[in-house]
Each structure stands twice: as structure tokens, then as C-alpha cells.
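The block underneath contains the structure these notes are about, expressed in C-alpha cells.
The values are calculated or read from the model by the stated rules, or taken from the named source; none is laboratory data. Source: prediction; values computed, not measured. Ideal geometry is used to build each Cβ from the backbone, glycine not excepted, and the neighbour counts take in all protein chains shown. Quick note on the areas: whole protein, heavy atoms, side chains included, nothing else; ligands and nucleic acids left out. Shrake-Rupley method; radii C 1.70, N 1.55, O 1.52, S 1.80 Å.
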Amino acid sequence: ILNVEQSPQSLHVQEGDSTNFTCSFPSSNFYALHWYRWETAKSPEALFVMTLNGDEKKKGRISATLNTKEGYSYLYIKGSQPEDSATYLCAFRGSQGNLIFGKGTKLSVKP
Amino acid sequence: EPEVTQTPSHQVTQMGQEVILRCVPISNHLYFYWYRQILGQKVEFLVSFYNNEISEKSEIFDDQFSVERPDGSNFTLKIRSTKLEDSAMYFCASSRQRNTEAFFGQGTRLTVV
């Protein structure tokens, strides 16, 4: 059974803090790693799709790194803002094609 | 900006009844998916669909479930005889290619009573 783990489960930070969280996934049969941002009552919003070992992607204050050999990805948020509050999901795509999601990290940013 | 739309947003049904959840994927996308999330649990893959046929399905997707693309725009998930444990948020997604990002709809909350 393929398992994708995210930590921490939840995170509370102050506005302006930088933060990061982890996604662990199987290192075999790797095809892609997806990060999604999911606000309550909205659809998950795609942030990044990462395919190559050593990939680094950036979108504004959010960036992500990928290590396929050891099976982890980090998501970083620089200078967190209240509007960054959401659940951040990672999803592993193996050779079979479908996405296997982690449980998510719920981020709360206090003003 | 193109988006995936799902209807209804909330469906309440009696146990044993059939339900059809509807999705309109993004128009130039070729791959379609259904996922579900039971309250407090992970988002789980149900099925993927390409070229008018199922390409992958999970163990959850048993004979009670079926998918269809009846008219070239809608993508539907049918549950023949709903059970209490089918209560979940059902998400439809689509992607242009198999390995590109999947765009999700807002979900249909199914409540079986």
C-alpha cells in the first residue's frame, strides 16, 4: 500500500513568520509530486507539480523542493500572511497514474 | 479562467437510493477523475477516465459505482444503492495530460441517511 505522510498535521504561526512543512512519499515508481492549497469551502488549488529530483519551484512567497531519492518534499512559506491560512496537501503520482494524497498540513496564520 | 464545476453542491439521499453526481471538466482536458474525502480522513482516489473508458480504479470503486461521459461535456459518477458509509465529499478533477496538474471542482457533499 502506497502511503503519503505530511507533517506537522497543523501549524499555528504569527503573521510575518516563515514556515515549512514536509511531505514524505514512496521513493520507488516515482512520477510526480503535486502540492495543493485547499481553503475551506473551495476546491483544492494546484500550487506545484514537481517531477525531477532536486527540483525547486517558486510562486510568490511559496516555494517547494523535491528529493525523489529519499522520498520527501518541503513546502516553504516566507513571511506568512493571514490569507495563507489553508490546508496544504501533497499528492504522489506513481507510475500507475492516480494521485495519492497525504492528510494535509493545516496552517493558521494569526494577524 | 476555466474551472471544473460540480453539481449539486450538497445532496442528501436515503440509504439504498441511487445518486448521480455531475461534473463538467475543463473543456480541453483529456483525463478525468473522481476522488472522495470522508470527514476527517484523506482524500482518496476512486477512478480515472480517459478516451471514454476507465483507465484506473481503486478498491473503493466496486460494482456499486459507475462513471459515464454521456455527452462530451459532462462526467458523472453514479452510486447505485447508497450506503451510510458513502457519505463523503466527492471531488471531480480533470487534467490535460496524465502527468500534468489536476484541477479540482468544489466538490459535492453527499449525505446518506
Which one is nearest to A:T22 (Cα to Cα) among residues in region A:36-64 that are open to solvent by less than 40 Å² (accessible area, probe 1.4 Å) and free of Cβ contacts under 8 Å to residues at least 12 places away in the same chain? A:D55
Out of region B:61-71, which residues are at pLDDT 90 or above and open to solvent by 60 Å² or more (accessible area, probe 1.4 Å)? B:D62, B:D63, B:E68
Based on what the data block shows, is B:E101 surrounded by fewer than 22 Cβ atoms within 10 Å (Cβ to Cβ), closer than 20 Å to B:E3 by Cβ and within 11 Å of chain A (Cβ to nearest Cβ)? yes
Flag for A:E70 being open to solvent by 10 Å² or more (accessible area, probe 1.4 Å) and under 14 Å from the mean Cα position of the chain (by Cα): no
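This table checks each residue for (1) outside any strand (DSSP E or B); (2) free of Cβ contacts under 8 Å to residues at least 24 places away in the same chain; (3) open to solvent by less than 30 Å² (accessible area, probe 1.4 Å); (4) more than 11 Å from every other protein chain (Cβ to nearest Cβ).
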site: B:L21; (1), (2), (3), (4): no, no, yes, yes
site: B:N28; (1), (2), (3), (4): yes, no, no, yes
site: B:F32; (1), (2), (3), (4): no, no, yes, yes
site: B:L39; (1), (2), (3), (4): yes, no, no, yes
site: B:F45; (1), (2), (3), (4): no, yes, yes, no
site: B:S48; (1), (2), (3), (4): no, yes, yes, no
site: B:E56; (1), (2), (3), (4): no, yes, no, no
site: B:E59; (1), (2), (3), (4): yes, yes, no, no
Give just the number: which of (1) among the hydroxyl-bearing types (S, T, Y); (2) more than 13 Å from the chain's Cα centre (by Cα); (3) buried (at least 16 other Cβ atoms within 10 Å of the Cβ); (4) farther than 30 Å from B:T7 by Cβ does A:S85 not satisfy? (4)
Of the residues that sit in region A:71-111 and are in contact with a Leu (Cβ under 9 Å, 6 or more places away or on another chain), away from chain B (no Cβ under 14 Å) and hydroxyl-bearing (S, T, Y), which one is nearest to B:R96 (Cα to Cα)? A:S73
